[in-house]
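A.B. asks: This is the structure I want to talk about, given as structure tokens.
The values are calculated or read from the model by the stated rules, or taken from the named source; none is laboratory data. Being a predicted model, the structure only gives us computed values, none of them experimental. Please note: Cβ atoms are built from the backbone with ideal geometry, for glycine as well, and neighbour counts cover all protein chains shown.
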């Protein structure tokens, strides 16, 4: 069997880190082959103390101090701390199934060409609104072909959430880009595939993630995804995935179409028809949610937040990184 290191970036996660660690402790994988590195980004709450209490009871749990505070620093810090056969990245808001580590190792070593493996990301909810948002994020209309969310495909994919990686991948590809506040795993997986490895999505690998509980938090999350995707594209001098352009053009259509509609009547008619088609499609997907009519419209609103936030972030990223040639700012954040 393989030695495994689970790396958890976190900051101010006192409400969630205990459940995350409990789920890892409950996994069936042999604990003498397991290390869990919690990389704390200088938390101001009880997170470090909670992790220390766990480490006193379970020697394979380590608390590492991430003075840079951002996720890619935390990932690299944890991966370099333990030279294990397998490194798995995990969010502090998540929990895992009992066979999570076993399934990851089986998928990862099912073929020499596989450099990364991952599974389905299932939703956990804090309130009713988070259930609505989680439903929107699991629909292809909301997130496109993000198969680890929609569960509509198994096999080789572009990226996965909470990937597991062979040690040789880091030796060949390098580590996570520390200039990226977001999208560092997508960017790393792009380099991984460019190096000749494949990414395997195995639906039997199960993890659970606490969904954002407000539209504001959802907007901020996807705005940052769109914003940092531009920097990734600039770094590699290419569009890494086609689906990222859909919200970009959607926001452009909303703004430019509205302005032109004021001036030209026939453009206003086309603008109205396209918006109606969008809303009808959104309603069609939203109607699958088992709830009230109010809930259906809440799902439609979540779709709009997803698309407008990502598209707006992408446009701001184009302005900052491509037009103004700005260097990345280092936001104090965690995964």
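A.B. asks: Can we say residue 122 is modelled with pLDDT under 90, part of a loop (DSSP other than H, G, I, E, B), under 20 Å from the mean Cα position of the chain (by Cα) and under 30 Å from residue 281 (Cβ atoms)? It would help to see each step written out before you state the result.
C.D. replies: Details: modelled with pLDDT under 90: yes; part of a loop (DSSP other than H, G, I, E, B): no; under 20 Å from the mean Cα position of the chain (by Cα): yes; under 30 Å from residue 281 (Cβ atoms): yes.
Against the criterion (modelled with pLDDT under 90, part of a loop (DSSP other than H, G, I, E, B), under 20 Å from the mean Cα position of the chain (by Cα) and under 30 Å from residue 281 (Cβ atoms)), residue 122 does not qualify.
A.B. asks: Given the structure, is residue 311 at pLDDT below 95, part of a helix (DSSP H, G or I) and buried (at least 18 other Cβ atoms within 10 Å of the Cβ)? Please lay out each step first, then the result.
C.D. replies: Values: at pLDDT below 95: no; part of a helix (DSSP H, G or I): yes; buried (at least 18 other Cβ atoms within 10 Å of the Cβ): yes.
So residue 311 fails the test.
A.B. asks: Please go through (1) in contact with a helix residue (DSSP H, G or I) (Cβ under 6 Å, 6 or more places away or on another chain); (2) closer than 23 Å to residue 213 by Cβ; (3) crowded, with 21+ Cβ neighbours inside 10 Å for residue 125 and return the number of the only condition it doesn't satisfy.
C.D. replies: Among (1) in contact with a helix residue (DSSP H, G or I) (Cβ under 6 Å, 6 or more places away or on another chain); (2) closer than 23 Å to residue 213 by Cβ; (3) crowded, with 21+ Cβ neighbours inside 10 Å, the lone unmet condition for residue 125 is (3).
A.B. asks: If you take the residues of segment 36-50 that are in contact (Cβ under 8 Å) with a residue 12 or more places away in the chain and more than 23 Å from the chain's Cα centre (by Cα), which of them is surrounded by the most Cβ atoms within 10 Å (Cβ to Cβ)?
C.D. replies: Restricting attention to segment 36-50, the residues satisfying the condition of being in contact (Cβ under 8 Å) with a residue 12 or more places away in the chain are 36-48, 50.
Filter again for more than 23 Å from the chain's Cα centre (by Cα), leaving 44-46, 48, 50.
Details: 44: 9, 45: 13, 46: 16, 48: 18, 50: 21.
Restricting to residues being in contact (Cβ under 8 Å) with a residue 12 or more places away in the chain and more than 23 Å from the chain's Cα centre (by Cα), the top hit is 50.
A.B. asks: Can you name the number of the only condition in (1) farther than 20 Å from residue 110 by Cβ; (2) free of Cβ contacts under 8 Å to residues at least 40 places away in the same chain; (3) in a helix (DSSP H, G or I) that residue 239 fails?
C.D. replies: Of (1) farther than 20 Å from residue 110 by Cβ; (2) free of Cβ contacts under 8 Å to residues at least 40 places away in the same chain; (3) in a helix (DSSP H, G or I), only one is false for residue 239: (3).
A.B. asks: Determine if segment 273-291 includes at least one residue that is touching a strand residue (DSSP E or B) at 6+ places or on another chain (Cβ under 8 Å), at pLDDT below 95 and closer than 23 Å to residue 136 by Cβ.
C.D. replies: From segment 273-291, those touching a strand residue (DSSP E or B) at 6+ places or on another chain (Cβ under 8 Å) are none; that's our starting set.
Scanning segment 273-291 turns up no residue that is touching a strand residue (DSSP E or B) at 6+ places or on another chain (Cβ under 8 Å), at pLDDT below 95 and closer than 23 Å to residue 136 by Cβ.
Results for (1) at pLDDT below 95; (2) touching a strand residue (DSSP E or B) at 6+ places or on another chain (Cβ under 9 Å); (3) surrounded by fewer than 21 Cβ atoms within 10 Å (Cβ to Cβ), shown as yes or no for each residue.
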residue: 181; (1), (2), (3): yes, no, yes
residue: 185; (1), (2), (3): yes, yes, no
residue: 193; (1), (2), (3): yes, yes, yes
residue: 197; (1), (2), (3): no, yes, no
residue: 201; (1), (2), (3): yes, yes, no
residue: 208; (1), (2), (3): yes, yes, yes
residue: 211; (1), (2), (3): yes, yes, no
residue: 220; (1), (2), (3): yes, no, yes
residue: 228; (1), (2), (3): yes, no, no
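A.B. asks: I'd like to know if segment 17-24 contains one or more residues that are touching a strand residue (DSSP E or B) at 6+ places or on another chain (Cβ under 7 Å), closer than 22 Å to residue 189 by Cα, in contact (Cβ under 8 Å) with a residue 60 or more places away in the chain and buried (at least 19 other Cβ atoms within 10 Å of the Cβ).
C.D. replies: The initial filter retains those residues of segment 17-24 that are touching a strand residue (DSSP E or B) at 6+ places or on another chain (Cβ under 7 Å), namely 17, 19-21, 23-24.
Restricting the remaining residues to those that are closer than 22 Å to residue 189 by Cα gives none.
So far as segment 17-24 goes, no, none of its residues is touching a strand residue (DSSP E or B) at 6+ places or on another chain (Cβ under 7 Å), closer than 22 Å to residue 189 by Cα, in contact (Cβ under 8 Å) with a residue 60 or more places away in the chain and buried (at least 19 other Cβ atoms within 10 Å of the Cβ).
A.B. asks: Could you list, in sequence order, all residues of segment 1-16 that are more than 22 Å from residue 100 (Cβ to Cβ) and crowded, with 22+ Cβ neighbours inside 10 Å? Working first, answer last.
C.D. replies: We begin by selecting, within segment 1-16, every residue more than 22 Å from residue 100 (Cβ to Cβ); these are 11-12, 14.
The one that is more than 22 Å from residue 100 (Cβ to Cβ) and crowded, with 22+ Cβ neighbours inside 10 Å: 11.
A.B. asks: Name the one entry in 25, 36 that is at pLDDT 95 or above and closer than 17 Å to residue 166 by Cα. Spell out the reasoning first.
C.D. replies: Details: 25 fails: closer than 17 Å to residue 166 by Cα.
Only one candidate passes the filter, namely 36.
A.B. asks: Taking the condition assigned to a loop (DSSP other than H, G, I, E, B), buried (at least 16 other Cβ atoms within 10 Å of the Cβ), in contact with a helix residue (DSSP H, G or I) (Cβ under 7 Å, 6 or more places away or on another chain) and at negative phi, does residue 289 pass?
C.D. replies: Numbers: assigned to a loop (DSSP other than H, G, I, E, B): yes; buried (at least 16 other Cβ atoms within 10 Å of the Cβ): yes; in contact with a helix residue (DSSP H, G or I) (Cβ under 7 Å, 6 or more places away or on another chain): yes; at negative phi: yes.
It is true that residue 289 is assigned to a loop (DSSP other than H, G, I, E, B), buried (at least 16 other Cβ atoms within 10 Å of the Cβ), in contact with a helix residue (DSSP H, G or I) (Cβ under 7 Å, 6 or more places away or on another chain) and at negative phi.
A.B. asks: Let me ask something else about it. Please go through segment 134-157 and give me each residue that is modelled with pLDDT of 85 or more and either in contact with a helix residue (DSSP H, G or I) (Cβ under 8 Å, 6 or more places away or on another chain) or surrounded by 16 or more Cβ atoms within 10 Å (Cβ to Cβ) (or both), ordered by number. Steps first, please.
C.D. replies: In the first step, residues of segment 134-157 are kept if they are modelled with pLDDT of 85 or more; the result is 134-142, 155-157.
Of everything in segment 134-157, those that are modelled with pLDDT of 85 or more and either in contact with a helix residue (DSSP H, G or I) (Cβ under 8 Å, 6 or more places away or on another chain) or surrounded by 16 or more Cβ atoms within 10 Å (Cβ to Cβ) (or both) turn out to be 134, 135, 136, 137, 138, 139, 140, 141, 142, 157.
A.B. asks: Shifting gears a bit: Out of segment 319-330, which residues are surrounded by 12 or more Cβ atoms within 10 Å (Cβ to Cβ) and either outside any helix (DSSP H, G or I) or under 21 Å from the mean Cα position of the chain (by Cα) (or both)?
C.D. replies: If the condition is that a residue be surrounded by 12 or more Cβ atoms within 10 Å (Cβ to Cβ) and either outside any helix (DSSP H, G or I) or under 21 Å from the mean Cα position of the chain (by Cα) (or both), then 326, 328, 330 are the ones that fit.
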